[in-house]
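Where a number appears in this text, it was derived from the coordinates with a stated rule and is not lab data. Computed from a predicted model, the values in this text were never measured in an experiment. Here Cβ is always computed from backbone atoms with ideal geometry, including for glycine, and neighbour counts include all displayed protein chains.
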């Protein structure tokens with residue numbers, strides 16, 4: 001039975017730590033990637049929920065049935081409006097409960113009337129112009145297209161998303177450096193055997209292939225461990241998130257497709273380790289005669 | 001097969017260890033390489049097996065000028081050169097079979113072919129019972145025979161041996177020389193560096209003698225004397 005490799009990597013002390021390093025990198029990388037995906041989907045969810053919607057707010061003192069009917073008719077006649085619906089007082093109060101509490105809302109707190117407006121997809125209605133037209137009918141009416149606070153929220157989420165990917169890139173760079181140093185150490189430790197193989201006519205790719213296989217095995221061990229640890233943490237967060245009732249927090253559950261994408265992190269880590277080891281060895285061998 | 005033209009070699013800024021070396025080896029020739037310790041034998045062998053580049057002069061191996069041969073072609077040339085090192089250079093963690101099989105593995109031979117050839121050759125050099133032994137469990141002489149088997153397993157066109165009989169008794173030394181002659185008869189060009197004058201006299205092949213970095217060729221009663229200066 002012939003051996004898999006000619007080089008005794010198992011005797012190389014420096015390779016002992018590579019699986020641990022890769023495990024840590026994959027663990028952090030998977031969490032960062034999951035965070036980036038959660039933020040991306042949260043931004044999309046906020047955007048799709050609120051894009052194409054406007055809320056018309058009628059002050060308490062002007063919230064008579066006639067005024068609301070007039071406003072609904074005016075809004076419905078506006079080009080680009082798909083659907084208009086006056087929000088019932090009960091529903092309007094229910095919206096405030098998460099923020100003010102049930103006791104406060106039921107204590108006779110004056111609540112403005114709300115009209116929910118849904119625009120036709122692609123239609124652009126200027127909220128300022130709409131507000132001016134509605135104010136001609138009822139004084140003090142306000143139109144809110146939610147853009148003001150939503151765009152700030154999206155900006156923050158997008159920045160966090162970019163940051164998560166930047167950290168992911170830094171983690172990948174650190175993994176590359178770890179593999180380069182481990183491989184260089186291996187080249188130094190096994191220099192005599194490499195020289196012998198080289199003299200026998202081994203092509204650079206033959207020798208590099210052995211380091212590549214070794215890097216793959218070490219990274220695979222670390223990648224599986226790191227990936228499983230990250231999956232456990234994410235499942236834990238998903239369980240915690242399921243019990244939370246925070247309307248504007250991003251959903252902590254990942255779709256099956258996104259779970260599938262997370263598997264790419266250890267796979268990419270293994271590929272990076274293999275490629276880095278190969279290129280490091282090829283570069284070193286190129287200096288031999 | 002092999003031609004050196006005005007080859008000089010120095011390490012770093014030190015003195016030249018080889019000076020104006022000129023010779024050519026015809027295919028199928030057999031030479032001894034002699035000289036006192038430090039005369040430059042190992043350096044000359046290293047230049048022959050392409051482990052070093054000369055600091056001056058031209059080396060042609062298999063009719064190719066190595067100074068202009070693309071690096072990618074050198075592995076194929078090295079696969080045709082078998083080398084027996086003075087310190088054997090067996091790989092500790094590999095068995096006898098695996099050590100001898102290395103050149104075949106490197107050249108991409110099929111596993112079945114490797115196994116068959118290696119066992120046959122090891123039996124021939126008297127190591128049929130030590131196939132799965134590690135080098136550390138073998139005697140000096142046995143290790144030397146493994147090193148020789150590894151050098152010849154690929155049926156090289158050029159065989160270079162640095163003191164191949166240094167650690168074996170006279171009976172085994174003669175037997176190994178017969179192995180080299182057998183290889184030589186099948187077309188392999190052989191160069192054997194040795195201090196053993198008894199063997200040099202007994203086998204009578206031409207001698208390449210190095211003295212203080214300068215090479216001279218002494219013709220003898222070799223059956224295929226084809227060296228020329």
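Placing a label point 7 Å from the Cα of residue A:238 along the Cα-to-Cβ direction, the residues of the range A:254-289 whose backbone N falls under 16 Å of that point are A:254-265.
A Cα-only calculation for the protein assembly as shown places Rg and Dmax at 40.0, 129 Å. Simple spin-label estimate for residue A:135 and residue A:96 gives 2.4 nm between the two label positions (7 Å along the Cα-to-Cβ direction from each Cα).
For the segment B:65-75, counting C-beta atoms of other chains within 10 Å of every residue's C-beta and taking the mean gives 2. Residue exposure proxy: A:198, A:146, B:205, ordered by other Cβ atoms within 10 angstrom of their Cβ from fewest to most, comes out as A:146, A:198, B:205.
Whole-percent P(r), the range B:49-135, all Cα pairs, 10 Å bins from 0: 15, 38, 28, 17, 3.
Using the beta-carbon distance between residue A:111 and residue A:271 and R0 = 60 Å, what value does 1/(1 + (r/R0)^6) give for FRET efficiency, to the nearest 0.05?
After rounding, the FRET efficiency stands at 0.55.
In terms of its C-alpha gyration tensor, the range A:71-167 has an oblate overall shape, because the principal axis ratio a/c (a ≥ b ≥ c, square roots of the eigenvalues) is not below 1.5 and a/b does not outweigh b/c. The mean of 1/r over all distinct Cα pairs in chain A, once inverted, gives the Kirkwood hydrodynamic radius of 24.0 Å. Comparing A:78, A:182, A:119 in a Gaussian network model of chain A where C-alpha atoms under 10 Å apart are linked, the largest mean-square fluctuation is found at A:78. Averaging the Cα positions of each part gives two centres, and for the range B:119-133 and the range A:122-137 these lie 96 Å apart.
Bridges between two residues of chain B, per DSSP, are antiparallel at a rate of about 55%. Evaluated at 4 °C with a viscosity of 1.567 mPa s, what Stokes-Einstein diffusion coefficient in µm²/s does the range A:1-80 have when Rh comes from the Kirkwood expression over alpha-carbon pairs? The calculation lands on 66 µm²/s.
With springs only between Cα atoms under 10 Å apart, run a GNM on chain A and tell me which of A:123, A:76, A:42 wobbles the most. The residue with the greatest mean-square fluctuation here is A:123. The modelled label-to-label distance for the pair residue A:287/residue A:5, using points 7 Å beyond Cα in the direction of Cβ, is 2.1 nm. Each peptide in A:132-144, B:182-194, A:83-95 receives the mean, over its residues, of other Cβ atoms within 10 Å, and ordering these scores from highest gives B:182-194, A:132-144, A:83-95.
Other protein chain C-beta atoms within 10 Å of residue C-beta, averaged over B:41-52: 1. Under conditions of 20 °C and 1.002 mPa s, the range A:118-163 yields 167 µm² s⁻¹ as its translational diffusion coefficient, taking Rh as the Kirkwood radius over Cα pairs in the Stokes-Einstein equation.
Taken residue by residue and averaged, Cβ atoms of other chains lying within 10 Å of the Cβ of B:100-110 number 4. May I ask you to derive the FRET efficiency for residue A:83 and residue A:165 from their Cβ-Cβ distance with R0 = 35 Å, giving the value to the nearest 0.05? Here the calculated transfer efficiency is 0.40.
Using a 10 angstrom cutoff on alpha carbons, build the Gaussian network for chain A and name the most mobile of A:204, A:44, A:106. Highest fluctuation among the options: A:106. Which FRET efficiency, nearest 0.05, do residue A:258 and residue A:73 yield, Cβ-Cβ r, R0 30 Å? Efficiency, rounded to the nearest 0.05: 0.10.
Among beta bridges identified by DSSP and lying wholly in the protein assembly as shown, the antiparallel ones come to about 65 percent. Determine the distance separating the Cα centre of the range B:34-86 from the Cα centre of the range A:31-58; give it in Å without decimals. The two parts, judged by their Cα centres, are 69 Å apart. Helix content alone sets the calculated 222 nm mean residue ellipticity of the protein assembly as shown: runs of n ≥ 4 DSSP H residues at -39500 (n - 2.57) each, divided across all residues, give -17500 deg cm²/dmol. Counted by neighbouring Cβ atoms within 10 Å, the residues A:240, A:68, A:97, A:194 run from fewest to most as A:240, A:97, A:68, A:194. Only Cα pairs under 8 Å and 6+ residues apart enter the sum, and on that basis the relative contact order of chain A stands at 34 percent.
Residues B:4, A:17, arranged from fewest to most other Cβ atoms within 10 angstrom of their Cβ, appear as A:17, B:4.
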